[in-house]
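> The structure's right below; bear with me while I get my questions together.
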Amino acid sequence: MYRRKPKSRSPAARSPSPYRKADPTPLELDRFIPWMFMKLQSEYTVVIKRVQQEEFPRGRNSRFVSSSRVSRVSTVSVRQTESYPTLVTTKPSNTSLNVENAIQLTIVYSRAGHAVEITINACPFPINRKLTDVISLSLPYHTRLNKFTCRGKGLDHGVIAEIVKMMQFSNLTDICLDNTFVPQGTYYVLLDQASTLRCLSLSKCRINDIVCRKIAERLEYNGPASRNLRILNLSCNLITDIGAQALGHSLRTNRHIIHLNLCGNSITSVGAGYLLEPLSEFLLSTDEIKERIRRRRDFYSKKVAIPKSSTSTHTNLSIENGKNLKDGEFLQKISSVHSKTVVNLTGVDEKVVVEDFSDPSNTVFKNGRRFSIGNLTLCSLNLGYNYLDYTILSRIIDVLIYQKDQERSLRRTGLLRIVIEGNNLPVGCEEYSKIEMCLVILNNEAWSFKKKRKSSSKARHETSSRNGSSSVVLMS
């Protein structure tokens, strides 16, 4: 009897052995980064240390945990709230690759198992571009990874350019380059393009006045990263009154930064005056007035260029059809049409119409001159361990009193925290009590306003839900 021979199967068609380990994917950062780095034939190795993040408990006492971030800081004894500590438990991985001249990476995972932070720890040699390419390849697969940290040696201008490329196709919001030194001082490149960057920490980077001025220029109104950046840390650098003047000039138009840390620099009371001047009412210069007029003209030119919507046609038809009606019926019909009109525009035009013209200067006229009401967005200012003297206390009191008397809109809170410890100031004086009293009042107003706003939003939500349920009943 003829027996047919079985078909031969190619090696690719054979089922994989259960003992064979598959190649790692970008979803497995602990295995993928060392494996991909080895595939690129690099002469270095990568050691990954896995860190499990322990989140703070949520509940009735969660308000007290979050309130310590923006606390009422005493001018005599200041709490250490610059960086809130994160409780972690370390779990080292791939320990077989522990060599002395290896690139050490730390990956922080949340309790849900999502990667939230990646850190390059004190690389003993210049960071290889192959490493940044591997990290860039992995970022799109981890949407929760929002912080990139590089501390110590190994950073140069090329790595900063690669970090800029990372931010374009990732969700990075926090960049920390503390204790690094780039001879070119090109840290300002991180602010050259519009991105989702919200927190930038450049502590102990030997930043001088020239680099500080370039950073401040990119934080002015309509700057590339001025709309998203909220926290700027320039502590322990080489900034003097010249750099403080540049930052103060950017605060005249920037209405998005809420925390500015200049602790441990060489700023005197003159430089601190430049920073405090835009926080109260100040006189606008001729160039600022011209720039404001130009912004208003551009805004209304875009608004006029919007094409007519279908509502205008509907209104005209209603008017033509109402010619044969009586006057009372015609007016009643026109008012009903106007009350029911809804503008349907494209995304860009709708943004121009809905956002009515709002200028950061918010000018007021006094004695024939134009003044700005000041920056009421900055909440925290750290000037500790500089070269301030006794004269700065009166300037701080004037700013706090002005902001206390000023009516604050929805998105403006004013200065709630100021740190001046470590300066050449007296141990105790009457000005300290005045500053404490003003800060207590401002913090209580901010807390009550937040509570009132939360209750009003809850009431609006309940009203809208009731209206929605009643409309359903009417339709049925």
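Computed from the coordinates by the stated procedures, all read-outs in this text should not be read as laboratory data. Computed from a predicted structure; not experimentally measured. Heads up, the Cβs are rebuilt from the backbone with ideal geometry, glycines too, and the neighbour counts pull from every protein chain shown.
> If I take the Cα coordinates of the stretch 155-283 and project them onto the principal axes, what are the three extents in Å, biggest first?
The principal-axis extents, from largest down, are 41, 27, 18 Å.
> Gain in length, Q168 to I401, computed as 0.36 nm per residue apart minus the alpha-carbon separation, to one decimal in nm?
Going from the current span to full extension adds 79.6 nm.
> OK, next. Going by how many other Cβ atoms sit within 10 Å of their own, how do L378, L27 line up, fewest first?
Placing the least packed residue first, the sequence is L27, L378.
> Same structure again: Please rank C212, C429, C379, fewest neighbouring Cβ atoms within 10 Å first, as an exposure proxy.
If I rank by nearby Cβ atoms, fewest first, I get C429, C379, C212.
> Ranked by Cβ crowding within 10 angstrom, fewest neighbours first, how are K214, K302 ordered? Each step should come with its number before you reach the end.
Working: K214 18, K302 14.
So the ranking, lowest neighbour count to highest, is K302, K214.
> Could you rank the peptides 415-426, 220-231 by their average count of other C-beta atoms within 10 Å per residue, with the highest value first?
Highest-to-lowest ranking by the protection proxy: 415-426, 220-231.
> Hey, rough spin-label estimate for R296 and T363, points 7 angstrom out along Cα→Cβ, what's it come to in nanometres?
With each label placed 7 Å out from Cα toward Cβ, I get 0.6 nm.
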